[in-house]
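Here the structure comes first, spelled out in C-alpha cells, and everything after it is commentary.
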Amino acid sequence: MSYNLLKGKRGIIFGALDENSIAWKTAERVHEEGGTFVLTNAPIAMRMGSINKLAEKTGSKIIPADATSVEDLEKLVAGAVEELGGKLDFVLHSIGMSINVRKGRHYTDQNYDWTQKGTDVSAMSFHKTMQVLYKHDAMNEWGSIVALTYMAAQRVFPDYNDMADNKAYLESIARSFGYFFGRDKKVRVNTISQSPTPTTAGQGVKGFDGFIAYAEKMSPLGNATAQECADYTITLFSDLTKKVTLQNLFHDGGFSNMGVSNEVMEAFVNEQK
Ligand code: NAI
C-alpha cells in the first residue's frame, strides 16, 4: 500500500546489489511512496549485480561510487543534487563487507589488512558519506539519514567475526555525527538493527542457516524480512519521525529483548531426552 509519505523528497540509496538486497526493496518502496533518488554502488558491484533493472523500474539514475573514496562520494553527492534538482531529504547507507568473513579467517586469526578494509567499507564509509553531505550542505532541514546494522554490535555472535566490531563503530558514528547534523542542520541520523536476512551479505556469514532459524524461534513476531525493513525505513525518511535521532532502532521481531523462548527451550529439552 502506498501513502505518498515521501512525495517531493529526494535522496541517495547505497547498496542495492540484487533483488534480495535490503536497499533494493527500500528503493522500490521509496519509489512507491513518491520519492525520487539516485542509486549508487561500488563500480565492481555494478558489474556483478542487476542494478540497471532497478534503475529502469524506478526511473532513477545510477552514479557509481566506492563508498571508501571521498572523491567518489563528492562526485556522487554533487551529481545527485544536480540530477534531482535540489538538496537531499534522505540517504540510506546499506553497505557491509568483511574480507575475513568472506575468506573464512577466524576472529582470533585476522588478517589486519583485510580487517582495515572491512572497517573502511562497513563503518568509516558512513562517516565519509556524512562528512561530504555536511560539508557541502547537501541535506535539507528535517532530512533523514539511515544506516543498517546488526545486534552483534552489542552481543556476542561468534561467527559474525570482525563485522561485529564494524557495526559497533558504525552505530557510534551515527550518534557522534548525528549530534552535529542535528544541531547544525536539523537532520536526523539513526541506525536500524535488522534481523538476519537472506541476502548476499547475510548468507556470507558462516552458519547463516542456523543463525536465521534460531532467531526466528526466539522472536515473538518472527524475523523481520527485507521488505519489512524497507517499510520501516520509509517511516524514518518520512515527516512522521522528525524528532527521532541518535537512535539504534531494533527491527527484529522482538529478538533483542528475549532471554529464551518456549520454542527454543523445547528444542533443547527434546535434545536432552
Ligand atoms: P547485500 O549484499 O545485498 O548489500 C551489501 C551492499 O554493500 C552491496 O550492494 C555491495 O555492493 C555494497 N558494497 C560493498 N562494498 C562497497 C563499497 N566499497 N562501496 C559501496 N558499496 C559497497 O546485503 P544486505 O543484507 O542487503 O546488506 C545491507 C546492509 O544491511 C549491510 O550494512 C548489512 O550489514 C546490513 N544487515 C544485513 C543483515 C542480514 O542478515 N542480511 C542483518 C542486519 C544488517
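Here are a few things to note about the model shown:
- Residue-span extension gain [Glu56 to Tyr134] - 0.36 nm each, minus C-alpha spacing: 25.1 nm
- In the chain, the inverse of the mean reciprocal separation of distinct Cα atoms equals 19.0 Å; this is its Kirkwood hydrodynamic radius.
- Mean Cβ count within 10 Å, highest first, over the residues of peptides 33-39, 135-141: 33-39, 135-141
- For the chain, the longest principal axis of the Cα atoms and the long axis of helix 22-32 meet at an angle of about 50 degrees.
- Trypsin sites (Lys or Arg not before Pro) restricted to segment 25-122 and DSSP loop, no more than 10 other C-beta within 10 Å: Lys103
- Global form of segment 5-91, assessed from the alpha-carbon gyration tensor, a/c cut-off 1.5: oblate
- Angle in degrees between helix 226-237 and the longest Cα principal axis of the chain, rounded to the nearest 10: 40
- Segment Ser2-Ser176, length gained on full extension (0.36 nm per residue, minus Cα span): 59.3 nm
- Efficiency of FRET between Glu271 and Asp184 - r from beta-carbon atoms, R0 41 angstrom, step 0.05: 0.15
- Helix 163-185 and the longest principal axis of the C-alpha atoms of the chain enclose an angle of approximately 30°.
- Dipole magnitude for the chain: about 500 debye, using +1 per Lys or Arg Cβ and -1 per Asp or Glu Cβ, origin at the Cα centre.
- Distance from the alpha carbon centroid of segment 90-115 to that of segment 125-147 works out to 24 angstrom.
- For Phe37, distant residues with modelled amide H under 5 Å away: Gly11
- Karplus 3J(HN,Hα) series, Hz, for segment 207-214 with 6.51 cos²θ - 1.76 cosθ + 1.60 (x for Gly, Pro): x, 4, 4, x, 3, 6, 5, 5
- Karplus-derived 3J(HN,Hα), 6.51/-1.76/1.60, for each residue of segment 93-99, Hz, glycine and proline x: 9, 10, 10, x, 6, 10, 6
Read-outs throughout are calculated quantities, based only on the coordinates presented, and are distinct from any laboratory measurement. Small disclaimer: the values here were computed from a predicted structure and weren't measured. No Cβ is skipped: glycine too gets one built from the backbone with ideal geometry, and neighbour counts run over all protein chains shown.
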